[in-house]
Amino acid sequence: MKALKVLGLAVMFGSMATGAALAGDLKIAYVDLSKVFDGYQKTKEFDAVLQSEGQAFQKERDVMIQKIQDAQSKLDLMKDTEKAALQEDIAKQKDEVVAYDKDKRTELSKKRDDKVREILAEIQVVVSDLAKKDGYTYVLNDRVMIYGDPQFNVTDEVLKTLNDSYKK
């Protein structure tokens, strides 16, 4: 199955190259998208913010769990009539922790996904502008290539452009 996909890609790029060659010169570059994404200052700053928010969430969650554990440790010392009410309260607190945990994780995940999409869109614009400026017919993500001549790697140029424009 993999061989069929690779063959399909080879045929597709072969046809594109033939078509481009008929139309004029074919100029291809590639970008290490992971390196650009990770090296972009905006990504680093957002990761720090997200990590801070994650730590704050964990602290709040730990406080809630400690409160439940404290209540559970009091159960053995209580009378049966009081135990039932406390057990009900503990069950309610556990449900609140589970709901809080789920909501916060969903919120942080959505926030991260939105920022990743935003950053990838910015990278797309810079790569497109570079391709137009330098006359590239295609700019590929290095993940779909088996080999790329280092002279056609525009990763550092894209990353520099992103970081320079972010500082402004």
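How much FRET efficiency would the formula 1/(1 + (r/R0)^6) give for Lys115 and Ile65, where r is the Cβ-Cβ distance and R0 is 25 Å, rounded to 0.05? Computed FRET efficiency for Lys115 and Ile65: 0.30.
Considering only Gln41, Gln124, Gln151, the mean-square fluctuation computed in a Gaussian network model of the chain, springs between alpha carbons under 10 angstrom, is largest for Gln151. Given the choices [x] 26.8, 90; [y] 27.2, 102; [z] 25.7, 97, Rg and Dmax of the Cα atoms in Å derived from the coordinates of this structure is entry [x]. Note on the chain: with a GNM built from Cα contacts shorter than 10 Å, the maximum mean-square fluctuation among Asp70, Asp38, Asp62 falls on Asp70.
FYI, it's all coordinate maths here, none of it is from the lab. Since the structure is predicted, the reported quantities are computational estimates derived from the model, not experimental observations. Please note: Cβ atoms are built from the backbone with ideal geometry, for glycine as well, and neighbour counts cover all protein chains shown.
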